[in-house]
1. Have a look at 184, 251 and point out the one that is among the acidic types (Asp, Glu), modelled with pLDDT of 75 or more and either more than 30 Å from residue 105 (Cβ to Cβ) or in contact with a helix residue (DSSP H, G or I) (Cβ under 8 Å, 6 or more places away or on another chain) (or both).
2. Take residue 109 and decide whether it is more than 30 Å from residue 24 (Cβ to Cβ), in contact (Cβ under 8 Å) with a residue 60 or more places away in the chain and out of contact with any strand residue (DSSP E or B) (no Cβ under 6 Å at 6 or more places or on another chain).
3. In the stretch 78-89, what residues are over 19 Å from residue 40 (Cα atoms) and either in a loop (DSSP other than H, G, I, E, B) or open to solvent by less than 20 Å² (accessible area, probe 1.4 Å) (or both)?
4. Considering only residues that are open to solvent by 40 Å² or more (accessible area, probe 1.4 Å) and of a type in the set (Gly, Ala, Ser), look in the stretch 214-230 and name the one that is modelled with the highest pLDDT.
5. If we keep just the residues of the stretch 83-117 that are farther than 14 Å from residue 178 by Cβ and small (Gly, Ala, Ser), which is nearest to the chain's Cα centre (by Cα)?
6. Being out of contact with any helix residue (DSSP H, G or I) (no Cβ under 9 Å at 6 or more places or on another chain), more than 20 Å from residue 169 (Cα to Cα) and open to solvent by less than 90 Å² (accessible area, probe 1.4 Å) is the filter here, so list the residues in the stretch 20-51 that pass it.
7. Counting just the residues of the stretch 18-49 that are aliphatic (A, V, I, L, M) and assigned to a strand (DSSP E or B), which one comes out modelled with the lowest pLDDT?
8. Considering (1) surrounded by fewer than 16 Cβ atoms within 10 Å (Cβ to Cβ); (2) over 14 Å from the mean Cα position of the chain (by Cα), say which one residue 10 fails and leave the rest.
Amino acid sequence: MFSMGDPQNGPIVPPEIVGGYTEEDIDKMKVQFGENTVLYVPDSVAEDIYGDKFRCIDLYKEDPLWGSVFSLVTDRTMDTAFLGGDAVLLEWLPLENAEKYLLTIREEGGEVRDTTVTIAARGEKGVVDWERTDLPQYLAARRTPEDDDGDGGLVIVIVIKSGSGNTHKSNVSVKVEGLKANTDYTVTREVVRNGGIADGPLTKQASFRIEGGQMTTGCIQANTAAAGVSGTRIYDILGRTVGDRVETLPDGLYIVDDGTQRTTILIRR
């Protein structure tokens, strides 16, 4: 594995190689990294000058160097896919030094209910530890205790694909069945490391809703700041003030501070 910084702290734009590189250099790097090495990049979402949002992983994948010499590129997030009916698929690559993964599915609405399962992991690569998984074909979802009205917790079926996540290049694949239509759900994946402590930056959430035979997913919202508004300050990545209007700035990566929140933007014209 090869890392480009912590999940939320690293170069949003793929670094340039000092002195450049040749096709021969790329071929050599492919031999060294192409078969087994996963490139981990930050999961940052930024905005360009036109207000369009982008994920930094897309910049890495599109880069002729970083996107071509590694076996896989990942930003440590969790993917959600609709399988039809009442089922969705959750997938992520094993993460460094994970001891276990906690997966919580929460049903939003009047009565908030949730179900949590634990997937054991081991080693530097955080692969699934099937020897410590009591039920190797699936994980039984637990119910929360009944309340005073006799209602139980969220009742669903959580199935982990046998053998998934057993290498650093194999996704942990979890199928969630029994979801209600026209109901909002939130799924949280926590990564427990270092003797039982959940790693905050590695905690990821996704929201979804099954409606009309289709699934809609929650969008990542990036805070925006208007250029030229009183109180707005813009800094370069070294923290130096460069003005208060993006229109006058050259191409580059900047931090816009409107006095209440900060937004990272990439300017390319």
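1. Values: 184 fails: either more than 30 Å from residue 105 (Cβ to Cβ) or in contact with a helix residue (DSSP H, G or I) (Cβ under 8 Å, 6 or more places away or on another chain) (or both).
251 is the lone residue from the list that is among the acidic types (Asp, Glu), modelled with pLDDT of 75 or more and either more than 30 Å from residue 105 (Cβ to Cβ) or in contact with a helix residue (DSSP H, G or I) (Cβ under 8 Å, 6 or more places away or on another chain) (or both).
2. Values: more than 30 Å from residue 24 (Cβ to Cβ): yes; in contact (Cβ under 8 Å) with a residue 60 or more places away in the chain: yes; out of contact with any strand residue (DSSP E or B) (no Cβ under 6 Å at 6 or more places or on another chain): yes.
Considered against the rule, which asks whether it is more than 30 Å from residue 24 (Cβ to Cβ), in contact (Cβ under 8 Å) with a residue 60 or more places away in the chain and out of contact with any strand residue (DSSP E or B) (no Cβ under 6 Å at 6 or more places or on another chain), residue 109 comes out as yes.
3. 85, 86, 87, 88
4. Applying the filter and picking the extreme gives 218.
5. Checked the stretch 83-117; the qualifying residue nearest to the chain's Cα centre (by Cα) is 98.
6. Quick first cut of the stretch 20-51, residues out of contact with any helix residue (DSSP H, G or I) (no Cβ under 9 Å at 6 or more places or on another chain) only: 20, 22-38, 40, 47-48, 50-51.
Filter once more, so that each one left must be more than 20 Å from residue 169 (Cα to Cα): 20, 22-28, 47-48, 50-51.
Result: 20, 22, 25, 26, 27, 47, 48, 51.
7. Quick first cut of the stretch 18-49, residues aliphatic (A, V, I, L, M) only: 18, 26, 29, 31, 38-39, 41, 45-46, 49.
From the residues that got through so far, the ones that are assigned to a strand (DSSP E or B) too are 38-39, 45-46.
Working: 38: 93, 39: 93, 45: 77, 46: 74.
The residue in question is 46.
8. The single condition residue 10 does not satisfy is (1).
The values are calculated or read from the model by the stated rules, or taken from the named source; none is laboratory data. All values reported here derive from a predicted model rather than from experimental measurement. FYI the Cβ positions are ideal-geometry reconstructions off the backbone, even for glycines, and counts take in every protein chain you see. In case anyone asks, the SASA skips ligands and DNA or RNA and just uses the protein heavy atoms, side chains included. Shrake-Rupley method; radii C 1.70, N 1.55, O 1.52, S 1.80 Å.
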